[in-house]
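The values are calculated or read from the model by the stated rules, or taken from the named source; none is laboratory data. Computed from a predicted structure; not experimentally measured. A quick note on method: Cβ atoms are made from the backbone with ideal geometry, for glycine too, and the neighbour counts reach across all protein chains shown.
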2 protein chains.
Amino acid sequence: MGAFSFSVLRTCGAARRGVLRTPHGAVDTPAFMPVGTRAAVKGLSPAQLAETRTQIVLANTYHLMLRPGAAAVERLGGLHRFMGWGGAILTDSGGFQVYSLDELRRVDDDGVAFRSHLDGTPVRLTPESAIQIQNQLGADIVMVLDECPALPAEPGIMQDAVRRTVAWARRCRAAHQRTDQALYGIVQGGLDLELRRACLGQLVEIGFDGYALGGLSVGEPPKEMYTFLEGFAGELPADRPRYLMGVGTPADLVQAVTAGVDQFDCVLPTRNGRKGYAFTSAGTVRLRNACHKLAPEPLDGACDCYTCRSFSRGYLRHLFLSGEVLGGTLVSLHNIHFYQALMRQMRAALEGGTFDAWRRVFEGGPATRDLKEGEP
Amino acid sequence: MGAFSFSVLRTCGAARRGVLRTPHGAVDTPAFMPVGTRAAVKGLSPAQLAETRTQIVLANTYHLMLRPGAAAVERLGGLHRFMGWGGAILTDSGGFQVYSLDELRRVDDDGVAFRSHLDGTPVRLTPESAIQIQNQLGADIVMVLDECPALPAEPGIMQDAVRRTVAWARRCRAAHQRTDQALYGIVQGGLDLELRRACLGQLVEIGFDGYALGGLSVGEPPKEMYTFLEGFAGELPADRPRYLMGVGTPADLVQAVTAGVDQFDCVLPTRNGRKGYAFTSAGTVRLRNACHKLAPEPLDGACDCYTCRSFSRGYLRHLFLSGEVLGGTLVSLHNIHFYQALMRQMRAALEGGTFDAWRRVFEGGPATRDLKEGEP
């Protein structure tokens, strides 16, 4: 792990301010990673993404292994060069997407067999191939293949998933070839603290460069996730980055940072952006609402992103009603900027030792009027 | 026309190098205007558009009068502020779009009645309302309402269209209120030189800040347009900008500049860009072709646009095959950059007195292997 290091600079209770060093630059933590599923953060150029002061993005192994294929990405210089992004990149292992295929997959102890959602081709993913593909893609941080059951799950199913997750993590560790890529383990076990502890203990024995919490934000109420994080996140090794996968809303991020999490990824800023839903310091703005038709004000008067500096809500609404893709681009840009500004605020409060006070103001404020996917 | 002026700096045969001064900056001519139909150049932010060194864009009165409406644009500060574009803007009069509605319109001497393509609402456009709407939109250059029959047209139909175009131009001139907006007349008459001359003579008597050639590139073979331009463009007043509407391919622009035209607009760079067709110095590149799958080279090795500096053909192809809108944005950005670089090359050759030699090289070269809309 010579090319990769992690330092905690300061703590406030369980919350941590740190720095991840990667071959593609430093990442200040707590860090938010926008999602570039197919090696593109939807609608944004890397230059626009850099404007949001994003330092690390996530790309999806499952999508890239099917198209254009890991060998094609490798031939075109690896993921950084391929997508024109000079910052850090993390790739997931493909497991989560495979598990969401439902009908199309079959799991055994060796790995998982599934059919491509693109053309039905049979594909097999094992711990070894998931790592080999991620070695070819060339991200700075790669993830083990895990098994992630939907919640709620029967205890037997969850125990099986943990057993397999640990066995696969051991095989991933053995298969991992590139010393310039960090490898993270993934802790499974649902909301069962004992099962999570058993999983974590075995993963720590194997030894990873970072530890991720998988299988959260998969259908359980936010309160249950918060309670779980409060009880468990602090047990992850203190000298390694802690990554909460697929989470979440601004309120989720603040709760999880409070519990000691360092890294996040989520599609919400871009998915909501494409639908015309903006995160703002005054709560969620739904741009299609008629009340914005003649509104001269920016999305968020407290925001200094390109979208807020340049355009009125009235114009942005016009773009959505007219079907102009520029609308999705501009609101996604704002939403990612909003998330990154939130992370900067948290990091500054942690540096200044004022995180608890900052959090009380945030939690009493209007920005927590969040919109979950699927809400009107 | 105090806020607006035009000077010819140098000529080479009929070709001219000039400068248009507007309240939103100088426009070097010959100039290409990217099309922002609904107050957005499709897929590009104004900042990305500025990177292509575009100085002036076109927006469509017809689309904006229907949605969001001229009053809404005016309330939101006028078109420049509305779309966040600090450079110059030209609005067409809406006539051309109305004439392409076919079944939905009825023309008489007073104006044209049609039904909105959005919701079927009956709308009426007269010379007076076309100008009033453009006064509200607030572009730097506005256009008279004209009648533009499809080619080929019966002589009687074309004569009627010219008579109406002149009568409407006179009413537009009288209705035009804003001294900070230039008003251009539009010459109609198809490919009939005598009819065009009669139309132009009457328009010059009325007096306009610029003269446009309408009704070309509407179905006739390019050769016929070139012959017509060679015979007619030089008759447009030498001290006023000459604008060839809706044209065209790179080869079309070079031919028209040679004949003495100063201004152009066309959807080709963006429409082709969204389809994955790129204009390059080596001819058209079709990105979906399998030959680009592993291609590490940029779209155009001779181009210094953001797309060519940052991405391989292999990555751009991946974006199109994956349905990522970023592909359309990046190729549109390149195509507009290519058009603007072509205009800069022509302007430099005109300044240096080497335009004829430049043109012979261009016409013998591969960049003229152009792709027309609809070709494979």
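Taking every residue in the stretch A:27-51 that is farther than 16 Å from residue B:43 by Cα and facing chain B (nearest Cβ under 7 Å) and pairing it with any residue that is among the charged types (D, E, K, R) and buried (at least 21 other Cβ atoms within 10 Å of the Cβ), at least 6 positions away or on another chain, the pairs with Cβ-Cβ distances below 7 Å are A:38/B:324. Evaluation of residue B:54 against the conditions (1) within 21 Å of residue B:119 (Cβ to Cβ); (2) more than 9 Å from every other protein chain (Cβ to nearest Cβ) shows that the sole unmet condition is (1). Scan the stretch A:57-75 and tell me whether some residue there is within 27 Å of residue A:348 (Cβ to Cβ), within 11 Å of chain B (Cβ to nearest Cβ) and buried (at least 19 other Cβ atoms within 10 Å of the Cβ). No - not one qualifying residue is present in the stretch A:57-75.
Being surrounded by 21 or more Cβ atoms within 10 Å (Cβ to Cβ) and either modelled with pLDDT under 95 or within 18 Å of the chain's Cα centre (by Cα) (or both) is the requirement here; does residue A:2 meet it? Judged against the criteria, residue A:2 is not a match. Inside the stretch B:1-105, counting only strands (runs of 3 or more DSSP E) that do not spill past its ends, which hold 2 or more residues that are among the small types (Gly, Ala, Ser)? Of the strands (runs of 3 or more DSSP E) lying wholly inside the stretch B:1-105, those with at least 2 residues that are among the small types (Gly, Ala, Ser) span B:5-12, B:15-22, B:25-29.
All of (1) within 11 Å of chain A (Cβ to nearest Cβ); (2) touching a residue at least 12 places away in the same chain (Cβ under 8 Å) hold for residue B:22 with one exception: (1). The conditions of being touching a residue at least 40 places away in the same chain (Cβ under 8 Å) and within 30 Å of residue B:322 (Cβ to Cβ) are not met by residue B:251. Only residues that are assigned to a loop (DSSP other than H, G, I, E, B) and crowded, with 24+ Cβ neighbours inside 10 Å: list them for the stretch A:153-188, please. Within the stretch A:153-188, A:181, A:188 qualify. Checking each residue in the stretch B:301-313 for being surrounded by fewer than 24 Cβ atoms within 10 Å (Cβ to Cβ) and part of a loop (DSSP other than H, G, I, E, B) picks out B:301, B:302, B:303, B:304, B:305, B:312. Can you say whether residue A:244 is crowded, with 22+ Cβ neighbours inside 10 Å and without any contact (Cβ under 8 Å) to a residue 60 or more places away in the chain, as far as the supplied structure shows? Judged against the criteria, residue A:244 is a match.
Every residue, every condition in (1) farther than 30 Å from residue A:14 by Cα; (2) touching a residue at least 12 places away in the same chain (Cβ under 8 Å); (3) surrounded by 23 or more Cβ atoms within 10 Å (Cβ to Cβ); (4) among the β-branched types (Val, Ile, Thr), yes or no:
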residue: A:282; (1), (2), (3), (4): no, yes, no, no
residue: A:290; (1), (2), (3), (4): yes, no, no, no
residue: A:296; (1), (2), (3), (4): yes, yes, no, no
residue: A:322; (1), (2), (3), (4): yes, no, no, no
residue: A:335; (1), (2), (3), (4): no, yes, yes, no
residue: A:344; (1), (2), (3), (4): no, yes, no, no
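Of the residues in the stretch A:274-290, at least one is basic (Lys, Arg) and not in a helix (DSSP H, G or I). Residue A:110 fulfils the conditions (1) on the phi < 0 side of the Ramachandran plot; (2) within 22 Å of the chain's Cα centre (by Cα); (3) surrounded by fewer than 24 Cβ atoms within 10 Å (Cβ to Cβ); (4) not basic (Lys, Arg) except for a single criterion, (2). Counting the residues of the stretch A:314-342 that are facing chain B (nearest Cβ under 8 Å), out of contact with any helix residue (DSSP H, G or I) (no Cβ under 7 Å at 6 or more places or on another chain) and assigned to a helix (DSSP H, G or I) gives 3. Does residue A:100 satisfy the criteria of being modelled with pLDDT under 95 and in contact with a Leu (Cβ under 9 Å, 6 or more places away or on another chain)? In short, no.
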